[in-house]
Every structure is written in C-alpha cells, then in structure tokens.
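Working notes, structure below.
The values are calculated or read from the model by the stated rules, or taken from the named source; none is laboratory data. Everything numeric here is computed off the predicted structure, so don't read it as measured data. We place every Cβ from the backbone using ideal geometry, glycine too, and count neighbours over all the protein chains shown. Each accessible area value is taken on the protein alone, full model and side chains, heavy atoms only, with ligands, DNA and RNA left out. Shrake-Rupley method; radii C 1.70, N 1.55, O 1.52, S 1.80 Å.
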Amino acid sequence: MQTQQHRLEGIVAAYPLELIAPPEELLFVDIETTGFSANTSYLYMIGCLYYTQNEFHTIQWFADNYEEESEIIHSFFRFSESFHYLVHYNGNGFDLPYLNKKIEKYHLPYLLDRFESIDIYKRIMPYKQILALENLKQKSIEAFLLVNRNDLYNGGQLISIYHDYVKSPTSYHYELLLLHNLDDLKGMLQILPILSYYDLFHSTLQFEKVLLHEYEDIHGINRRELLLTCSANQPLPVNISYQKDNCRIMCNACQVKFRVPLLHTELKYYLPDYKDYYYLPMEDSAIHKSVAAYVDHAHRVPATQATCYVKKEANFLPQWHSRFSPEFKTALRSAESYFCFEDSFLKDEHSLNVYINDLLHFF
C-alpha cells in the first residue's frame, strides 16, 4: 500500500463550509474501484480531502495489488476517527454501500453509520431541470460552474489502467490513477457553490419590490403580470431562468425575481355544506335554501358538491396552497387554485412574503 499526501496551496472554498458543518469536522471522500459490484470487483483507492489550520489537504491510500483492499480500509478508518461528517458525490448511491460490503467481507470492526452523511448529488438532484443540466455527473456540475480539471479520464477508463499497473507497476500509471482521484476530491470542493441553489429553495425570502406590469403579447392582447423581487440570501454562482406553468423564476448573483401572470377569466368558488344549497341550472349558480324558497321548483335542483358554486369574473393569481380565500377553481377536482387579485395585495407585506415563499417551493 502507498499513501500520498498533498497540501492544496491556493485552494479556497468558494462556498461557506460553515453552512454544512464545522469545517474541521468535514471529511470529503471518494473511492476508486474496478467495477460497480463490491462482490466481483476490487477497491484500489480511498481519497480524502480535509481542512485543518486554515488549509486544505488531501490524503490517498492506494492498493498496489488486489490483496491490499482491507489495508487501505483500515488506514481510512484510523485517519477518519476525528471527523464527524462525510461529504461525497453520490456516495449514498455507490461509495458508502460499496465500502460497507467490503467491511462485511473482511469482518472489519468499522461503522460508517457513525458519520453524518452529506451527499452533494442528493441535495442538488431535485434542481436538475431548473439548472438546465443534461445530467448530474460530477464533471457536468464542474462544467456548469466552469471548474477546470487536469484529469482527462473517467473511472471506467481507469479500470484497465489499474489492472495493467497490478501486472506491471509503472510510475506513469500510478500518477494517472492518483490524479483522477485527486481531481475528484478537489472538484467536490470546487462545486460546493452548487449548494447555493439547494440553500435558496430551502430558505425564506423577504420581498423587496413588487410591480404590476402591463404589456401587450405577441397577439396584440393586453396582459398583466406580477413582478416580485427579493434578495438572494447568498450569492448564486450562475444565472438561471426557469418557467413552470406560465410562472418564471429568474436568479442572478444577488437577486431572485418571479414573474406571475394574472388570469382574467371567470372562475368558480365552491361553497361549503352543499346540502344547504340549491343549484339553478339556468343561472349556472348555487343559492342557499333560505333564498331558494322564492325560486320556482322547476328551476332548481338540490346542489351537489360539483354544482355548489358561484361564479366570478375578475383578475386572478394562482396559488399552490389554500392560503388566500375565497379560493377559486375551474372545476371541483381541479388541482389548480386561484384567488382574486386586488390592488390592496400589493401593499400587504405579510401576504406578499407568504406568496413569494409558496412560489419558491412551487418551483
């Protein structure tokens, strides 16, 4: 087994590590194997990156042959005793289950469960579409954030290189294998700003500015939309713009903006306690039985849940929870919900903040 250690000069975290955990308790980890199955492949390297005395360092344990698997696992666990958090990229899906299988195979007295696991991949996965990412490979995140790496290989391509190394060790192959793991470790540190989007969608925003914007669409029809602006709680590394159900979110380094179209139409308000109402087919509306007593019996029928409504034509805003009442819909079982927009809404700071954060969670 060989051990390599590096001090990463000039490398700084572009993301506040304190937002994850105390920096000195974080251990970034990445493993290299000859395949996906721990039962039929070999673990040949464990690499770690850590922060101490205001600097980043790496340490790599490399198996010179297939029989040194357990030795590098022993070395990793002895080294990691003082750390409490494991940071990785898709480690919950591969690295940690793979290591657990090897621990079981060699009957080693170690538990990965003692660490708190922080999976960068898992945190960013829900935002793939919003970030317009083709896939969520670590190299794709690096490209999105304009992170450069020296390594030109992927893990699969290095499998044959490791097998060749075991048969006939050369410093050239050794350095290639180390470099890939080292760049994965440094890459994990450098892509941490991607977590700013995770933080954004788990934050509470405060509105700064609201504007009712009137414009003419491509068909010459006058439209109105609500423009809402907030400050981002921390800088976002790449500008994004994403539309969902005619609503749009736009983010730059320091601001989050929403565009929400007003819908001018006729919608239905479904009344509670439908058994207390009659439905008037000719008026297409429900009225309370106390009033319906004056209506000809031929022009009224007992209301059902689906017909117990009154209609209103107005400007409406969409909502994603039943926050604002009365709540309007196009049909009883419709998933879409709306509330009537009034100019007073633009001056209601509490309601605007509630609406903005519902919008954020909607995206």
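Laid out as a table, the results:
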| quantity | calculated |
| --- | --- |
| Residue count, the stretch 309-350 (criterion: closer than 29 Å to Ala286 by Cβ, out of contact with any Leu (no Cβ under 9 Å at 6 or more places or on another chain) and surrounded by fewer than 16 Cβ atoms within 10 Å (Cβ to Cβ)) | 13 |
| Verdict on Glu327 being modelled with pLDDT of 95 or more, of a type in the set (Asp, Glu) and within 33 Å of the chain's Cα centre (by Cα) | yes |
| Breaking point among (1) more than 25 Å from the chain's Cα centre (by Cα); (2) farther than 28 Å from Tyr66 by Cα, for Asp164 | (2) |
| Inter-residue pairs, beta-carbon under 7 Å, first within 17 Å of His264 (Cβ to Cβ) and in the stretch 336-363, second part of a helix (DSSP H, G or I), 6+ apart | Phe345/Ser351 |
| Positions within the stretch 41-51 being over 29 Å from the mean Cα position of the chain (by Cα) and either open to solvent by 50 Å² or more (accessible area, probe 1.4 Å) or within 12 Å of Leu27 (Cα to Cα) (or both), in sequence order | Tyr42 |
| Any hit, the stretch 120-127, residues being buried (at least 17 other Cβ atoms within 10 Å of the Cβ) and over 27 Å from Lys244 (Cα atoms) | no |
| Members of the stretch 143-167 that are open to solvent by 70 Å² or more (accessible area, probe 1.4 Å) and small (Gly, Ala, Ser) | none |
| Yes/no for Ser37 being without any contact (Cβ under 8 Å) to a residue 24 or more places away in the chain and either of a type in the set (Ser, Thr, Tyr) or surrounded by 16 or more Cβ atoms within 10 Å (Cβ to Cβ) (or both) | yes |
| Any hit, the stretch 308-316, residues being outside any strand (DSSP E or B) and at pLDDT 95 or above | yes |
| Single residue of Ala13, Ala21, Ala63 found to be open to solvent by 10 Å² or more (accessible area, probe 1.4 Å) and of a type in the set (A, V, I, L, M) | Ala13 |
| Qualifying residue in the stretch 266-273 (condition: assigned to a loop (DSSP other than H, G, I, E, B), touching a residue at least 24 places away in the same chain (Cβ under 8 Å) and touching a Leu at 6+ places or on another chain (Cβ under 8 Å)) | no |
| Sole residue being at negative phi, in contact with a His (Cβ under 8 Å, 6 or more places away or on another chain), free of Cβ contacts under 8 Å to residues at least 40 places away in the same chain and open to solvent by 10 Å² or more (accessible area, probe 1.4 Å), chosen from Ser117, Ser140, Ser70 | Ser117 |
| Matching entry among Tyr274, Tyr294, Tyr279 (being out of contact with any Gly (no Cβ under 8 Å at 6 or more places or on another chain), farther than 20 Å from Asp358 by Cβ and open to solvent by less than 60 Å² (accessible area, probe 1.4 Å)) | Tyr279 |
| Answer from Leu185, Leu133, Leu178, Leu205 - the residue that is open to solvent by less than 60 Å² (accessible area, probe 1.4 Å), in contact (Cβ under 8 Å) with a residue 24 or more places away in the chain and farther than 21 Å from Phe36 by Cα | Leu205 |
| Test result for Leu236, surrounded by 15 or more Cβ atoms within 10 Å (Cβ to Cβ), closer than 30 Å to Tyr127 by Cα, touching a residue at least 60 places away in the same chain (Cβ under 8 Å) and touching a strand residue (DSSP E or B) at 6+ places or on another chain (Cβ under 8 Å) | no |
| In the stretch 330-347, the residues that are among the charged types (D, E, K, R), closer than 18 Å to Arg259 by Cα and more than 29 Å from the chain's Cα centre (by Cα) | Glu342, Asp343, Lys347 |
| Strands (runs of 3 or more DSSP E) completely within the stretch 1-100 that count 2 or more residues being farther than 18 Å from Leu179 by Cβ | 26-33, 43-52, 85-88 |
| Meets criteria (in contact with a Phe, Trp or Tyr (Cβ under 7 Å, 6 or more places away or on another chain), open to solvent by less than 30 Å² (accessible area, probe 1.4 Å) and not in a loop (DSSP other than H, G, I, E, B)) for Asn353 | yes |
